[in-house]
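The values are calculated or read from the model by the stated rules, or taken from the named source; none is laboratory data. Since we're looking at a predicted model, the values are computed, not measured. Because the Cβ atoms are built from the backbone with ideal geometry, glycine has one as well, and the counts that use them run over all protein chains shown. When the accessible area is computed, the model is the full protein with side chains, heavy atoms only, and any ligands, DNA or RNA have been set aside. Shrake-Rupley method; radii C 1.70, N 1.55, O 1.52, S 1.80 Å.
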Amino acid sequence: MTGFPHGVIPSMNTPFLADGGIDVEGIRRSADAVIHAGVAGMLVLAVAGETGSLDMAEKRLIAGTFLDQVAGRIPVIIGCSSALQVDRTRLATMARELAAPAMLCQAPVGQHGDDLLKQMLALADAGPPMLMLQDLDFGGPGLPLADILLLQQAIPTLLGLKIEVALPGPKYSAVLAATKGALHVSGGWAAAQMMEALHRGVHAFIPTAMDRIYVEIHRRFATGDLSGARRLHERLTPVLAFSNQHLDVSIRFFKHLRHREGLFATPHCRAGVAELDTHQVRELEINLGRVLALQAELDDAA
């Protein structure tokens, strides 16, 4: 594998048992299910996986289980983000020890220029053969383009950039133009702008769940059925309006979806993910119904 894949690369939720322990069989079921849906790769131990609630032993168990179950069928990207460089380095080392093909790391907050480069070089040296940088800044523009180009030119293993910033569309285009398409660009949180991103030439999408639907949108667009891709994406509008109102709502919604699909033993979330109130639960149920019906429709049409 010489680069990150094009297509849909879901950010995987971490399934928990009712007592809060790791649902290992849920990991195995969800890995098989997303591969069956046709995804191009997967990301584990990222925000959707509640990585902040996991200790190092749990992270190794989760990453190792995903890698073992996938068994090379698609690339598995291991999330190595943390507030501290020492922890980022430990996670990068873990990913390399587990023979993961790639890792993702959020750019350290407040670091720029040579200071940023020094930290990212250390991570690249410690980690797997490929690095994807996460440019995360929901309320702002994220990393300056100059920093992105500095890192790309100085770190041979930096082959991907996941952009999650305010107004992501223009930044997709700016990075693709500045790197002449040589840097793999993916979008994450901006699933509602998937059609815009496809037209801009974004290489991959890293949403959570609804894999069968996202894969079909991408397939239709790639085969020239632009109107079909748009019609299908528009049917997700009410779902995305609900799920993307906050990260905690997103995590709870998609864990309920995985549970309803029979993949997770429970929809349990650990402390730190806000509970939904009765009105949100009503909307969750309505939107779960929409997703499950649409997935069944696509399966019947296949």
Would you mind checking which residues have amide H under 5 Å from I22's amide H? H placed 1.01 Å from N; only 5 or more apart, or other chain.
-> L17
Cα-based reach from K171 at 28 Å (exclusive), listing lysines while leaving out same-chain residues under 8 positions away | K118, K162, K180
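Could you work out what % of the accessible surface of the chain is carbon and sulfur, using a 1.4 angstrom probe and leaving DNA, RNA and ligands out of the count? Numbers along the way, then the final one.
Details: 6980 of 12400 Å².
Using a 1.4 Å probe with all protein chains present, the chain comes out at 56 percent carbon and sulfur.
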Net charge dipole size for the stretch 138-288 [Lys, Arg +1 and Asp, Glu -1 on Cβ; Debye, nearest 20] | 340
At R0 = 51 Å the Cβ-Cβ FRET efficiency linking Q85 and E234, nearest 0.05, sits at 0.75
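Roughly what % antiparallel, to the nearest 5, for the DSSP beta bridges in the chain? Kindly include the intermediate steps, with their values, before the conclusion.
Details: 1 of 28 bridges.
Once the DSSP bridges in the chain are tallied, antiparallel ones form about 5 percent.
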Which whole-number percent is the relative contact order of the chain (Cα, under 8 Å, 6+ apart)?
-> 20
Taking N as the number of residues in the chain, what value does Rg over Cα atoms divided by 2.2 N^0.38 Å take?
-> 0.95
Distance between modelled label sites at S227 and H246, nm, 7 Å Cα→Cβ extension = 4.1
Using θ = phi - 60° and the Karplus curve 6.51 cos²θ - 1.76 cosθ + 1.60, what whole-Hz ³J(HN,Hα) does each residue of the stretch 285-302 get, with Gly and Pro shown as x?
-> 5, 4, 6, 4, x, 4, 5, 5, 5, 5, 4, 5, 4, 5, 5, 5, 7, 5
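Would you mind counting up the charge near L150? Only other residues with Cβ under 15 Å from its Cβ, with Lys and Arg at +1 and Asp and Glu at -1.
Neighbour charge sum, excluding L150 itself: -3.
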Separation between the A174 and L145 pseudo-spin-labels, each 7 Å from Cα along Cα→Cβ, expressed in nm?
-> 0.6
Whole-Hz ³J(HN,Hα) from phi, Karplus 6.51 cos²θ - 1.76 cosθ + 1.60, for the stretch 167-180, glycine and proline x = 6, x, x, x, 6, 3, 5, 5, 5, 4, 5, 5, 9, 6
